[in-house]
Amino acid sequence: MKTEYKFDHKHILGIAQLSYDDIEYILHTAESFKEISSRSIKKVPTLRGKTIINLFFEPSTRTRLSFEIAAKRMSADTFNISASTSSAVKGETLVDTAKNLQAMNPDVIIIRHSSSGAPTLLTDHIYTSIINAGDGTHEHPSQGLLDLMTVKEKKGKIEGLKVSIIGDIGHSRVAHSNIIGFSKMGAHVSVSGPATFMPVGIDKLGAKVCDSMQEAISDADVVMPLRIQKERQKDPLIPSFREYASHFGITENMFELAKPDAMVMHPGPINRGVELTPEIADGARSVILDQVANGVAVRMALLYLVIGNS
Ligand code: CP
């Protein structure tokens, strides 16, 4: 990293906006914060007096709670709004909701929305820092960053690794953030899945589209099956989960094709027996819960850096 480097982002809208140096700096900052979560008193005063709003228009277990824990561990005040309990149900627009939240002077608004581009839209209308917690099929930057952190932590590097992303590539914002992020950091990303899940032009993000699962997984360092995003599919795009599992599910036999020290990742929530077998999900080479733990550290880093720039 150049000595004159400065992190210069007020908003985190996608991995696409981040440079190699930005990603290195975020991961370095997250690594330095990770230790706080292992203390008996898991709190530092870094963001005391700061106000953070979680505005979630879609369900979430990991991301919402992880951002809230991250903020609280840094002594910020956090507030949660979900679509069903907000005035969106009375017809208020997203922009009006955001302007009203801004009037209460928060430091950061974290938003998850089913529409791709919703977080970016808000940056045109309000000056509060925005963090994208997942927008439609576009990006999920904090997930991409925690995945990068987990691979770097476990493998000691990212550059040169083969990362295989399997399944519903087209509807997955995690796939998009990870293809961009891992490619930017020098990994070789291969993708495989049903043709109906493979968007035209995905190779332009940096992924190699493989003709077979064997090609995608052979000698992989990281295998990352994705959840089938039923909520984003208008019509069924696969005949059945059983048929999907028999062709694209990660089983022990399939995982044998990867390198002996390969690891399996999944952004969650997982569908056991569909994208991967329980033996793989809970096996010694699964780092799924390490990803969740690193999510807190990455989100601490993002809040710290974004507030420092706002
Ligand atoms: N990985 C992820 O975004 O999980 P949640 O939907 O539970 O936040």
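The values are calculated or read from the model by the stated rules, or taken from the named source; none is laboratory data. It should be emphasised that the depicted structure is a prediction, and the values quoted were computed from it without experimental measurement. Virtual Cβ from ideal backbone geometry, glycine too; neighbours counted across all protein chains shown. Surface accessibility is based on the protein's heavy atoms, side chains included, excluding ligands, DNA and RNA. Shrake-Rupley method; radii C 1.70, N 1.55, O 1.52, S 1.80 Å.
Conditions tested, residue by residue: (1) within 22 Å of Ser60 (Cβ to Cβ); (2) of a type in the set (A, V, I, L, M, F, W, C); (3) more than 20 Å from the chain's Cα centre (by Cα).
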| residue | (1), (2), (3) |
| --- | --- |
| Asp147 | yes, no, no |
| Ile166 | no, yes, no |
| Phe182 | no, yes, no |
| Pro199 | no, no, no |
| Val209 | no, yes, yes |
| Glu215 | no, no, yes |
| Arg227 | yes, no, no |
| Pro239 | no, no, yes |
> Which condition number in (1) within 16 Å of the ligand (Cβ to nearest atom); (2) more than 21 Å from Arg112 (Cβ to Cβ) is the one that Glu231 fails?
Replying inline: (2)
>> Any residue at all in region 73-84 that's among the hydrophobic types (A, V, I, L, M, F, W, C), within 16 Å of the ligand (Cβ to nearest atom), in a strand (DSSP E or B) and touching a residue at least 12 places away in the same chain (Cβ under 8 Å)?
In response: yes
>> I'm told Ser142 meets every condition in (1) in a helix (DSSP H, G or I); (2) small (Gly, Ala, Ser); (3) surrounded by fewer than 22 Cβ atoms within 10 Å (Cβ to Cβ) except one. Can you identify the failing condition by its number?
In response: (3)
>> Is it the case, given these coordinates, that Thr46 is within 21 Å of Asn294 (Cα to Cα) and buried (at least 19 other Cβ atoms within 10 Å of the Cβ)?
In response: no
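Which one of these is more than 13 Å from the ligand (Cβ to nearest atom), of a type outside the set (Phe, Trp, Tyr) and open to solvent by less than 30 Å² (accessible area, probe 1.4 Å): Ser183, Ser129, Ser177, Ser116? Break it down stepwise before answering.
Numbers: Ser183 fails: open to solvent by less than 30 Å² (accessible area, probe 1.4 Å); Ser177 fails: more than 13 Å from the ligand (Cβ to nearest atom); Ser116 fails: open to solvent by less than 30 Å² (accessible area, probe 1.4 Å).
From the options Ser183, Ser129, Ser177, Ser116, the qualifying one is Ser129.
Per-residue answers, yes or no, for (1) at pLDDT 95 or above; (2) assigned by TED's automatic domain parsing to the domain that holds Asn132; (3) on the phi > 0 side of the Ramachandran plot:
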position: Pro199; (1), (2), (3): no, no, no
position: Ile202; (1), (2), (3): no, no, no
position: Asp211; (1), (2), (3): no, no, no
position: Arg232; (1), (2), (3): no, no, no
position: Pro260; (1), (2), (3): yes, no, no
position: Met263; (1), (2), (3): yes, no, no
position: Ala284; (1), (2), (3): yes, no, no
position: Ala297; (1), (2), (3): yes, yes, no
